[in-house]
1. Taking the residues in segment 158-178 that are away from ligand 2 (no atom under 16 Å from the Cβ) and surrounded by 22 or more Cβ atoms within 10 Å (Cβ to Cβ) as candidates, determine which candidate is farthest from residue 65 (Cα to Cα).
2. Report yes if residue 157 is more than 16 Å from ligand 1 (Cβ to nearest atom), hydrophobic (A, V, I, L, M, F, W, C) and in a strand (DSSP E or B), otherwise no.
3. Of the numbered conditions (1) within 16 Å of ligand 1 (Cβ to nearest atom); (2) more than 27 Å from residue 211 (Cβ to Cβ), residue 80 fails exactly one; give the number of that condition.
4. When segment 147-157 is examined, which residues are found to be surrounded by 23 or more Cβ atoms within 10 Å (Cβ to Cβ) and charged (D, E, K, R)?
5. Which one is surrounded by the fewest Cβ atoms within 10 Å (Cβ to Cβ) among residues in segment 40-77 that are among the hydrophobic types (A, V, I, L, M, F, W, C) and more than 16 Å from ligand 1 (Cβ to nearest atom)?
6. For segment 183-239, give me each residue that is within 16 Å of ligand 1 (Cβ to nearest atom), part of a strand (DSSP E or B) and either closer than 20 Å to residue 158 by Cα or of a type in the set (Ser, Thr, Tyr) (or both).
7. Suppose the filter is in a strand (DSSP E or B), farther than 22 Å from residue 78 by Cα and hydrophobic (A, V, I, L, M, F, W, C); does residue 21 pass it?
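Each reported figure results from applying straightforward, stated rules to the coordinates on display, with no laboratory input. These numbers were taken from a predicted model, which means no experiment stands behind them. So basically every Cβ, Gly included, is an ideal-geometry build from the backbone, and we count neighbours across all protein chains shown.
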Amino acid sequence: MDNYLQLKDISLSYHTKEGEVLALKNIDFNVKKNEFVSIVGPSGCGKTTILSLISGLLKPSSGEVLLDGEKITKDTSIGYMFQRDNLFPWRTIYKNVTIGLEIKHQKKDKESLRHVDELLNKYGLHDFKNSYPSQLSGGMRQRAALIRTLCLKPKILLLDEPFSALDYQTKLSVCDDVHSIITKENQTAILVTHDISEAISVSDRIIVLSKRPATVKCIQKIEIDRALTPLKRRESPEFSKYFDLIYRELTSEKQ
Ligand SMILES: Nc1ncnc2c1ncn2[C@@H]1O[C@H](COP(=O)(O)OP(=O)(O)OP(=O)(O)O)[C@@H](O)[C@H]1O
Ligand SMILES: [Mg+2]
């Protein structure tokens, strides 16, 4: 489905004491089902604002956002992953992973619990069910955070710089992990990142934004074999060509 997520000519202003701040201007793009799209842009340009719009936390000043042909409401199931894993230190991994089900009163739903077990097994966390977050590595904690959101079967997964707090080596391996889980689970995902290489290594397309108010400067299709892991994609011969293209777009003055 080509128009799974549609942002149609979105503009958004924040109202502050100093007046109106235009954050987004005429943002228009689509995301296909099962596609992995990244958004890159300068600091403070409006990347997180776009994710807040897609999640329904913010309403556009003009334009509309449609997911699967419908307006987003508080009942639309949206998954998140942030820079910090936000696991509760006093709950075991199992209790952390099932917290969403608990909130939605689905804790006794056999099918949901079977799905949790399947995800924990498949992604190597089953033996850590009864461990606490502090007993796990940063990478495993991010995996647990991802499973927590996937067990709610979100229609789309929004990732806001989920790897930026990790050291470089860990970041590369967690990125491989997260990408492989998202692909295997056929999730549609949008990743916001400052890191051009990271974006190229995971994405089908990259949306480059201008500085605030964010406009779409260009949308770059990445044609590197999708079956390769992000680490392998970094080694592909086309990688540096894409890096140059996106770097040039990001740093060019055109709005
Ligand atoms: N609640 C708010 N009220 C007023 N202005 C806001 C609010 N949230 C964000 N802004 C402003 O809107 C602009 C875009 O913010 P946003 O957080 O979306 O940027 P970003 O691209 O995610 O930044 P970063 O790269 O630092 O994560 C910024 O100038 C910010 O100061
Ligand atoms: Mg942000």
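1. Going through the qualifying residues, I end up with 175.
2. Answer is yes for this residue.
3. Among (1) within 16 Å of ligand 1 (Cβ to nearest atom); (2) more than 27 Å from residue 211 (Cβ to Cβ), residue 80 violates only (2).
4. Once the filter is applied, which keeps residues that are surrounded by 23 or more Cβ atoms within 10 Å (Cβ to Cβ) and charged (D, E, K, R), segment 147-157 yields only 148.
5. Result: 66.
6. Matches in segment 183-239: 190, 191, 192, 206, 207, 208, 209, 214, 216.
7. Numbers: in a strand (DSSP E or B): yes; farther than 22 Å from residue 78 by Cα: yes; hydrophobic (A, V, I, L, M, F, W, C): yes.
Judged against the criteria, residue 21 is a match.
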